[in-house]
Structure formats: structure tokens, C-alpha cells
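Asker: One structure is given below, represented as C-alpha cells, and several questions about it will come after.
The values are calculated or read from the model by the stated rules, or taken from the named source; none is laboratory data. These numbers were taken from a predicted model, which means no experiment stands behind them. Cβ sites come from the backbone with ideal geometry, for glycine too, and all protein chains shown count toward neighbours. Side chains included, ligands, DNA and RNA excluded: accessible areas come from the protein's heavy atoms. Shrake-Rupley method; radii C 1.70, N 1.55, O 1.52, S 1.80 Å.
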Amino acid sequence: MERVHFEQERMVEELKDLVDRGLFTEKETKQILKKRTHYETLLIRRVAKKSDFLRYAAYEMGLEALRRKRVHRIEADGPRTVSDYGMVKRQFEIFERALVKFKSDVGIWVQYIQVAKREGATERVGRVLARAVQTHPGEEQLWVMSAQWEMQGGSVTGARGILMRGIRMNGTSAEVWREWVRMERWAGVDGVVDEVERQARMAVPGIEL
């Protein structure tokens, strides 16, 4: 139970801040503490379940959505305080803890990446994507997600490099080849599109581009 007590202590400042700012009542924060303690207790079981981590993360997402709604309603201005980022930080920590136990589960990696994207945590998205493709080099969707993220950041070179690595690991993946062709068409470099399309058709006969 030492881990549970440690997490409870970490919550004190955040919960107090929520009350001080008028975002949650003391009764509500006591309920939050009780619910979090319940989830923390589940996570330290000898055989923790994936569903426990995901439910905990979903609970924190719901809390954060409610907090933001109340901030908007009361037009709370001023400098950022611990409650402005505490719930999002906890979501990330829950996913990190889940990956320690379930790193082979691609779905957890994908959900983690989606949450980080939604929260605008661009550096974290990049780091988690890099870890994901390193852990699961045979998962085509992760290579595609990683390349698309580079493209969203404006880096054609970065996206191209990722797709080339993805092809080395998954040479007959129609999904990765299609993404490479799509990216090169968007980039519009003379001669490159034709060459990538030629290589794709050689690697995956009958591929639709």
C-alpha cells in the first residue's frame, strides 16, 4: 500500500487548489480522492488488469473535461496553478504505468498517443511514437502514424526517413508503401514519386496506388 499512500500525498496540493479556486467543493474533492484511491489500489494488485488502467485514465479524462468546463464558466483567469495540469499529467502517468505491464499491447500505445495529441503535448507525442515503433517494428499503423505526425509538423524529410525505416522492417506492407507514395505526391519532388511508385509495385505486386 506504500505506492497508494505516495499517490494520495501527491494529490493533496492539486485537490486543495481546486477548492481554493472555486472549481470543486471539498465534498467533491473527497470523492475524487476516494475514487483515485480505489483505482490506485487496483493497479498495485499482483495481477493488474489492462481495463483497470484504462478506466482510471478515462476517469481522469472526465474530471479534466469537467474542470475545463467550470474554468470557462467562471472565467477563471490568472497564472497557471497545479490544478491546471495535474489531471492531464496523471493521465500520462497512468498510460506510462500501463505500458510497463502491457508494452506488447499496441492498443494502449495508440490510445496514449491519441490522448497526448488531444492535449497538445507535441514533444510527448513524438517521444511515445518513437518508442512505439521501436517496441513494435512490425506494426505498420505505428509507422504510418509516426510519419503523419512528422508531416503535420512540416517535416517531409522526417516523414520520409520514418517511412524508409518502416519499409526496411515491413518491406511488403501495402499500408506503409501507400503512405510513402501519398507523402511523396504531396511533397511533389520531380522524379521521386515515379520512383517510389515503381518500388512499391515491385515490393507489393498488384498494390493499388
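Asker: Restricting to segment 180-195, and then to whatever is within 31 Å of the chain's Cα centre (by Cα) and within 13 Å of V156 (Cβ to Cβ), can you tell me which residue is most open to solvent (accessible area, probe 1.4 Å)?
Answerer: W186
Asker: Specify which of the listed residues (R90, R21) is within 27 Å of Q114 (Cβ to Cβ) and touching a residue at least 12 places away in the same chain (Cβ under 8 Å).
Answerer: R90
Asker: Moving on. Of all residues in segment 147-179, which are polar (S, T, N, Q), within 26 Å of V125 (Cβ to Cβ) and open to solvent by 30 Å² or more (accessible area, probe 1.4 Å)? Full working, then the answer.
Answerer: To start, the set of residues in segment 147-179 that are polar (S, T, N, Q) comprises 148, 152, 155, 157, 170, 172-173.
Subset that is within 26 Å of V125 (Cβ to Cβ): 148, 152, 155, 157, 170, 173.
Result: Q148, Q152, S155, T157.
Asker: For segment 35-140, give me every one of the helices (runs of 4 or more DSSP H) that falls completely inside it and has 3 or more residues that are among the hydroxyl-bearing types (S, T, Y).
Answerer: 50-74
Asker: Considering only residues that are open to solvent by less than 70 Å² (accessible area, probe 1.4 Å), modelled with pLDDT under 95, closer than 27 Å to G120 by Cβ and not charged (D, E, K, R), which ones fall in segment 44-85?
Answerer: Scanning segment 44-85 gives V71, A76, G78, T81, V82, S83.
Each row is one residue, and each column tells you yes or no for (1) outside any loop (DSSP other than H, G, I, E, B); (2) of a type in the set (D, E, K, R).
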| residue | (1), (2) |
| --- | --- |
| M151 | yes, no |
| A159 | yes, no |
| L163 | yes, no |
| W177 | yes, no |
| R182 | yes, yes |
| Q199 | yes, no |
| P205 | no, no |
